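Novice: Right, I'll just put the structure down here and ask away after.
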Amino acid sequence: MPLTDLTRDECFDYRSEAVAPADFDAFWSGTLAPDPATGPVFTPVDCGLSQVRVQDVTFAGYGGAPVRGWLRLPAGPPRLRGCVVEFLGYGRGRGLAHENLLWASAGYAHLVMDTRGQGWSAAAGGTGDEGPSGTGPVPGFLTRGVESPGTHYYRRLYTDAVRCVEAARSHPEVDADRVVVTGHSQGGGISLAVSGLVPGLAGVLPDVPFLCDIRRGAERAALAPYTEIADYLQLHRDRAGSVFETLAYFDGVHFAARATAPALFSIALMDPVCPPSTCFGAYHRYAGSKQVEVYGFNGHEGGGEHHRARQLDWVRERIG
């Protein structure tokens, strides 16, 4: 994939023009104000692993709806440890109990959140989405409930993510002060949302984050999911203003501006899914201390296992 967006130097100079809605903070404080009616449930699962313990997790997400996850812990006697909470890429579900063992193998608790309504790509999910979809949304999630921020899909999903961090912090083996959030693509965008909504995080690891500088993404991305917005507006030619007004409530640029935890971003310059300038839009607005690894000849896969090694070092420095 050749360069289709800005060059490296131009990305470092670029600043997003996205403006947060005047009631952005009030919208999110109101959304998150109701406390979950029930606490999370952690159920041990025997999946044949000898060095990692797995627990099936259910917690109350948006509107009290049950959200699933896997918690993986190193084998051995229970003790207090740091935790990595991971959010998943577009279309992915939590998968199987024995998958994704990197962080537990490194000695951390690792909570993977299922993604409501998703789970058709690469890994299956088990969490439904009963929220409103509005009329005529393009298949996918960017235009689901786009008639207003109150009905939009990502209001529900971001709330789930905040509750997931709360669930992790409630576990007896998790040190609530040593929680890091991470994710690739959609998961990176969710981790940025959490960075602006949850105080006291120990770190944020957004990889090639989706859902940042959303209007620019809709105008620049060559491949889905941003193209869902363009497809919708090709038909609903008179709705561009209202669509982008709704999506502004879910833009990672605005959450990044409210973040306080240290962050390590990864961005790929040949990414046709999340144009690098959109990721830099969030990076430059990020209010906490920050670093970025730029992968000049990679697409949406980003830094892959090379970046995992960088993350392991970064997390070790911050939560042991």
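The values are calculated or read from the model by the stated rules, or taken from the named source; none is laboratory data. Quick caveat: nothing in here was measured; it's all calculated off a predicted structure. Reconstructed Cβ throughout: ideal geometry from the backbone, glycine too, with neighbour counts over all protein chains shown. Areas reflect the complete protein model, heavy atoms only, side chains present, ligands, DNA and RNA absent. Shrake-Rupley method; radii C 1.70, N 1.55, O 1.52, S 1.80 Å.
Novice: Please specify each residue of segment 114-135 satisfying the condition of being open to solvent by 30 Å² or more (accessible area, probe 1.4 Å) and either among the basic types (Lys, Arg) or closer than 15 Å to Val243 by Cα (or both).
Specialist: Within segment 114-135, Ser133, Gly134, Thr135 meet the criteria.
Novice: If we keep just the residues of segment 62-103 that are surrounded by 22 or more Cβ atoms within 10 Å (Cβ to Cβ) and of a type in the set (Gly, Ala, Ser), which is farthest from Gly203 (Cα to Cα)?
Specialist: Gly93
Novice: Can you go through Val146, Val138, Val174 and tell me which one is at pLDDT below 95 and buried (at least 19 other Cβ atoms within 10 Å of the Cβ)?
Specialist: Only one candidate qualifies: Val138.
Novice: Taking segment 277-296 as the region of interest, how many residues are assigned to a helix (DSSP H, G or I) and among the aromatic types (Phe, Trp, Tyr)?
Specialist: Matching residues across segment 277-296 total 2.
Novice: Return only the number of the condition from (1) closer than 18 Å to His254 by Cβ; (2) open to solvent by 10 Å² or more (accessible area, probe 1.4 Å) that His152 does not satisfy.
Specialist: (2)
Novice: If you take the residues of segment 43-61 that are of a type in the set (Gly, Ala, Ser) and surrounded by fewer than 15 Cβ atoms within 10 Å (Cβ to Cβ), which of them is nearest to Trp103 (Cα to Cα)?
Specialist: Ser50
Novice: (1) more than 17 Å from Val198 (Cβ to Cβ); (2) in contact (Cβ under 8 Å) with a residue 24 or more places away in the chain; (3) aliphatic (A, V, I, L, M): which one isn't true of Ala309, the others all being true?
Specialist: (2)
Novice: In segment 125-152, which residues are in contact with a Phe, Trp or Tyr (Cβ under 8 Å, 6 or more places away or on another chain) and either among the acidic types (Asp, Glu) or outside any loop (DSSP other than H, G, I, E, B) (or both)?
Specialist: Selection gives Asp129 alone.
Novice: Could you tell me how many of the residues in segment 278-297 are surrounded by fewer than 24 Cβ atoms within 10 Å (Cβ to Cβ) and of a type in the set (Gly, Ala, Ser)?
Specialist: Summing the residues that are surrounded by fewer than 24 Cβ atoms within 10 Å (Cβ to Cβ) and of a type in the set (Gly, Ala, Ser) in segment 278-297 gives 4.
Novice: Hey, another quick one. Among (1) in contact with a helix residue (DSSP H, G or I) (Cβ under 7 Å, 6 or more places away or on another chain); (2) β-branched (Val, Ile, Thr); (3) in a helix (DSSP H, G or I), where does Ile267 come up short?
Specialist: The single condition Ile267 does not satisfy is (3).
Novice: Another question, then. Can you run down the residue pairs with Cβ atoms below 8 Å, 6 or more apart or on separate chains, where the first is in segment 223-244 and under 26 Å from Pro2 (Cβ atoms) and in contact (Cβ under 8 Å) with a residue 60 or more places away in the chain and the partner is surrounded by 14 or more Cβ atoms within 10 Å (Cβ to Cβ) and charged (D, E, K, R)?
Specialist: Tyr226/Arg220
Novice: Right, next: What pairs come out if I take residues in segment 194-215 that are under 20 Å from Gly89 (Cα atoms) and pair them with residues that are open to solvent by 10 Å² or more (accessible area, probe 1.4 Å) and hydrophobic (A, V, I, L, M, F, W, C) whose C-beta lies under 6 Å away, six or more apart or interchain?
Specialist: Once the first residue is under 20 Å from Gly89 (Cα atoms) and sits in segment 194-215, its partners that are open to solvent by 10 Å² or more (accessible area, probe 1.4 Å) and hydrophobic (A, V, I, L, M, F, W, C) give Asp213/Ala18; Arg215/Phe244.
Novice: (1) over 19 Å from Ala218 (Cβ atoms); (2) open to solvent by 10 Å² or more (accessible area, probe 1.4 Å): which one isn't true of Pro272, the others all being true?
Specialist: (1)
Novice: Quick one: how many residues across segment 1-42 are open to solvent by 70 Å² or more (accessible area, probe 1.4 Å), farther than 28 Å from Leu211 by Cα and either of a type in the set (S, T, N, Q) or at pLDDT 95 or above (or both)?
Specialist: Number of matching residues: 2.
Novice: If you check Asp23 against the conditions, is it out of contact with any strand residue (DSSP E or B) (no Cβ under 9 Å at 6 or more places or on another chain), touching a residue at least 12 places away in the same chain (Cβ under 8 Å) and at negative phi?
Specialist: For Asp23, the condition - out of contact with any strand residue (DSSP E or B) (no Cβ under 9 Å at 6 or more places or on another chain), touching a residue at least 12 places away in the same chain (Cβ under 8 Å) and at negative phi - is not met.
Novice: I'd like the full set of residues that are assigned to a loop (DSSP other than H, G, I, E, B), crowded, with 24+ Cβ neighbours inside 10 Å and in contact with a strand residue (DSSP E or B) (Cβ under 7 Å, 6 or more places away or on another chain), limited to segment 202-214.
Specialist: Result: Val208, single match.
Novice: Kindly check whether there is at least one residue in segment 251-258 that is surrounded by fewer than 24 Cβ atoms within 10 Å (Cβ to Cβ) and not aromatic (Phe, Trp, Tyr).
Specialist: Yes - at least one qualifying residue is present in segment 251-258.
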